[in-house]
Amino acid sequence: MLKNKKFLVAGAGGLLGSKLTAALIADGAHVIAADIKPNLMTERLAQQGVDVESASLTCVALDLNNVSTVNALFATINGVDGAVNCSYPRNKRYGAKFFDVTLADFNENVSLHLGSSFLFMQQCAAYFKREQTPFSLVNISSIYGVVAPKFEVYANTPMTMPVEYAAIKSALLHLSKYLASYVADSGFRSNSVSPGGIFDHQPEQFLEEYKKQTLGKGMLDISDVLGSIKFLLSDHARYVNGQNIIVDDGFSL
């Protein structure tokens, strides 16, 4: 489905981005892997078994909150069939419980994540307008962009579901639809994938309570999400536009 296609993956040094990059290359695609920490990105890609010297991979430094850097990247790339934004920018105080979040931190985190996503989406659309070749944009939202948090799964743990996260991920879904409607061209697709919780060595108490809310899987593995992303990037989804695919093993039921 993806052989000989070229994709831009932003946040390619992260948990999802690195594994997505490896999977796309394994499927025969060329990937422009972009991350704010390029050295860490190449290290993590190597850990995924990616040959960082391969002709199928181009690694670039990218700060999605730097307008000049983002514009420069989109001005120089060519032949790109689609893009996935796996980035997760946030400040050092991100993740506080609701009553401990200051207005300044809320505003900063929304700006860092949602603002940079807007810029990325805007430039993807501008690239399509310029090149006039089919383009598929995949935005990564979350099950908590779709439903209210189930706070009971966080009981007796130091964890919470950050309020900024809920605001950002729900807004991303609507922004993705807005973009599809605004461009109004079946050659340009803007869709989202909303995963349930992804395993990242969370406390055992949390993992047990979370699993009770699913149909048996519990927390997802990254590999459980990749298929939906690859589908949206592929020609099999050529007329899927402005949609959101939920991958949560029934967590939202």
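Quick note: the coordinates plus some simple rules give every number you see, no bench work behind them. Predicted, not measured: the structure shown is a model, and the values here were computed from it. Here Cβ is always computed from backbone atoms with ideal geometry, including for glycine, and neighbour counts include all displayed protein chains.
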(message) Charges at C-beta only: +1 for Lys and Arg, -1 for Asp and Glu. How large is the resulting dipole of the chain about its Cα centre, in Debye rounded to 20?
(response) 480
(request) Give, in nm to one decimal, the length gained when the segment between Lys217 and Ala61 is fully stretched (0.36 nm per residue of separation minus the Cα-Cα distance). (result) 52.6 nm
(request) Please report His236, His30, His113 as a ranked list, fewest other C-beta atoms within 10 angstrom at the top and most at the bottom. (result) His236, His30, His113
(message) Please list, in order along region 65-82, the HN-Hα scalar couplings obtained from phi with the Karplus expression 6.51 cos²θ - 1.76 cosθ + 1.60 (θ = phi - 60°), rounded to whole Hz, x for Gly and Pro.
(response) 9, 10, 4, 4, 5, 5, 4, 5, 4, 5, 6, 9, 7, 8, x, 8, 9, x
(message) What lysines does Lys97 reach when the alpha-carbon gap must be under 20 Å and sequence neighbours fewer than 8 apart in one chain are set aside?
(response) Lys150, Lys169
(request) Only one of the values (1) 17.9; (2) 18.6; (3) 19.3 was calculated from this structure for Kirkwood radius over Cα pairs in Å; name its label. (result) (2)
(request) Please name whichever of Ser142, Tyr178, Ser117 sits farthest to the positive end of the charge dipole of the chain, dipole taken about the Cα centre and charges placed at Cβ: Lys and Arg +1, Asp and Glu -1. (result) Tyr178
(request) May I ask you to list the lysines whose Cα is less than 18 Å away from that of Lys19, ignoring any residue fewer than eight positions away on the same chain? (result) Lys3, Lys5, Lys6, Lys37, Lys230
(request) For region 110-163, state which trypsin sites (Lys or Arg not before Pro) are in a DSSP loop and have at most 10 other beta carbons lying within 10 Å of their beta carbon. (result) none
(request) For region 6-247, calculate the relative contact order in percent as a whole number, restricting contacts to Cα pairs under 8 Å that are 6 or more residues apart. (result) 18
(request) Enter the Cα centre distance for the pair region 38-86 and region 155-203, rounded to the nearest angstrom. (result) 21
(message) Taking loop as defined by DSSP and a crowding limit of 15 other beta carbons within 10 Å, which trypsin sites (Lys or Arg not before Pro) in region 50-109 fit?
(response) Lys92, Arg93, Lys97
(message) Per residue of region 34-47, what does 6.51 cos²θ - 1.76 cosθ + 1.60 with θ = phi - 60° give for ³J(HN,Hα)? Whole Hz please, x for Gly and Pro, Karplus curve as stated.
(response) 10, 7, 5, 10, x, 5, 5, 4, 5, 5, 5, 5, 4, 5
(request) Please get the size of the charge dipole for region 1-146, origin at its Cα centre, with Cβ charges of +1 on Lys and Arg and -1 on Asp and Glu, quoted in debye to the nearest 20. (result) 180
(request) Using 0.36 nm per residue of separation minus the Cα-Cα distance, give me the extension gain between Ser68 and Ala96 in nm, one decimal. (result) 7.0 nm
(request) Grab the Cα-Cα distance for Val147 and Gln243, subtract it from 0.36 nm times how many residues apart they are, and report the gain in nm with one decimal. (result) 33.0 nm
